[in-house]
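This report refers to the structure that appears directly beneath it.
The values are calculated or read from the model by the stated rules, or taken from the named source; none is laboratory data. It should be emphasised that the depicted structure is a prediction, and the values quoted were computed from it without experimental measurement. Every residue, glycine among them, receives a Cβ derived from its backbone with ideal geometry; neighbour counts consider all protein chains shown.
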Amino acid sequence: MARHSVGAVRGGVHCLGKGMSKLSSLKPKVSTIDTRTCSTPIATERIRGYQLQKTRERIALRDEYTCQMCGRVTVHGEVDHKVPLHLGGKESDENRWWLCPDCHRKKSEREERERV
């Protein structure tokens, strides 16, 4: 009788033969922290791919391609979270805004400095 390698991973494992297995899907898992017992907020998993593309289009149209910090109109803007996800911000349209590349860079640099 042949020995097969089988493991448990979110999404499942398909047996391919002796000592081999194929992951059907591997989704990132976000650790959460109970905010009732400590002050660290719960991290939210980011959206990606097609969902991110549709969200970007929706926010750009809602904000009329206008940077919500400086008022510059640009099709090359960025969708950004008003409250960063690592600080407990929600992955929702209410927490997103359209920023020009310059304002997005400045905001990101400021957040990075505050994180350290």
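Give the number of residues within segment 73-97 that are out of contact with any strand residue (DSSP E or B) (no Cβ under 7 Å at 6 or more places or on another chain) and in contact (Cβ under 8 Å) with a residue 24 or more places away in the chain.
Looking only at that region, the number is 10.
Exactly one of (1) more than 20 Å from the chain's Cα centre (by Cα); (2) exposed (fewer than 14 other Cβ atoms within 10 Å of the Cβ); (3) modelled with pLDDT of 95 or more is unmet by Lys22. Its number?
Lys22 satisfies every listed condition except (3).
What residue, of Val83, Val75, is β-branched (Val, Ile, Thr) and within 20 Å of Glu45 (Cβ to Cβ)?
After applying the criteria, what remains is Val83.
Of Glu64, Glu45, Glu94, which residue is among the acidic types (Asp, Glu) and part of a helix (DSSP H, G or I)?
Glu94 is the lone residue from the list that is among the acidic types (Asp, Glu) and part of a helix (DSSP H, G or I).
Please verify whether segment 43-55 includes one or more residues that are in contact with a helix residue (DSSP H, G or I) (Cβ under 7 Å, 6 or more places away or on another chain), at pLDDT 95 or above and exposed (fewer than 13 other Cβ atoms within 10 Å of the Cβ).
No; the residues of segment 43-55 include none that is in contact with a helix residue (DSSP H, G or I) (Cβ under 7 Å, 6 or more places away or on another chain), at pLDDT 95 or above and exposed (fewer than 13 other Cβ atoms within 10 Å of the Cβ).
Of the residues that sit in segment 68-116 and are polar (S, T, N, Q) and within 20 Å of Arg48 (Cα to Cα), which one is nearest to the chain's Cα centre (by Cα)?
Taking the candidates together, the pick is Ser92.
Do the conditions hold for Leu99, that is, is it at pLDDT below 95 and surrounded by 14 or more Cβ atoms within 10 Å (Cβ to Cβ)?
No.
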